[in-house]
1. Please identify every one of the trypsin sites (Lys or Arg not before Pro) in the stretch 1-34 that sits in a loop by DSSP and has no more than 11 other beta carbons within 10 Å of its own beta carbon.
2. Over the Cα atoms of the stretch 2-113, Rg to Rh with Kirkwood Rh, two decimal places?
3. Which length gain, in nm to one decimal place, applies between S12 and T40 when the Cα-Cα distance is subtracted from 0.36 nm times their residue separation?
4. Holding the Cα-Cα limit at 23 Å, pick out from K11/K36; K5/K71; K5/K36; K18/K79 the pairs that are longer than that.
5. Between D175 and D21, what is 0.36 nm times their sequence separation minus the Cα-Cα distance? Round to one decimal in nm.
6. What do you get for GluC sites (Glu not before Pro) in the stretch 13-100 restricted to DSSP loop and a cutoff of at most 15 other Cβ within 10 Å of the site's Cβ?
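Each value in this text was obtained by applying a stated rule to the coordinates, not by laboratory testing. This structure is a prediction, so every number in the text was calculated from the model and none was measured. Counting neighbours? That spans all protein chains shown, and the Cβs are built from the backbone with ideal geometry, glycine included.
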Amino acid sequence: MVLRKIQQGEKSSPLLSKIDDHFFEDASSYCSLLRKRLNTEKKPSRNLILSEQTQNVEKIIRNIYELREKKIMLAAMSKARGGSPPEKQFLPGEKQLFNSIYSLLIDTRNTLFDYNETKNPTSEKVPLKNQNNSEITNKVEPQINKDNHTVIRILENIPTFIGTDTKQYDLKKNDIVSIPDTLASMLIKKHVAEIVSMNP
């Protein structure tokens, strides 16, 4: 029996078996024919045989569909996780099912986890900001002299402290000073200073 052969093929392989594009339409028509014959059969013995045959055929067809459905779902999951499952044996309707499941999986990942396979968070640059929360653009060129000092503007009064160069600093708001790069970087990160651009 052709149906049992197809069923065994689906059971014995993790991949979809090759079947005719109109298999399920033809199978549905065959079931309709069996039910029609069952409804018109007058002999009880013959009616019983047709009833069992119809039930068996419908059960096999349903099992074939469910086996293929499971494989399609697993293939969509595999692709969503970066795999490359074979797609050439999909029936037209199965291809639509595969695409729908795959899209749903990706959309759900993006919604729940803000997942983006092409994004690399470690490569992003966080812009420096001053006290007014304004970005210091990359076009600003700090004034650095030969002693590795940076010219900065102080944004608020800073208590007296000893710098990395062992010097004592008493910095007030709006002071413009040239200090070691490491110290300047530290003050900028704390948002109490900003780089002074010497460009016009």
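1. Those that pass, being in a loop and sparsely packed, are K18.
2. 1.13
3. Length gained between S12 and T40: 6.3 nm.
4. Pairs exceeding 23 Å: K11/K36; K5/K36.
5. That pair, D175 and D21, stretches by 47.5 nm at full extension.
6. On the way: sites: E25, E41, E52, E58, E66, E69, E87, E94; in loops: E41, E87.
Within the stretch 13-100, the qualifying GluC sites (Glu not before Pro) (loop, at most 15 other Cβ atoms within 10 Å) are E41, E87.
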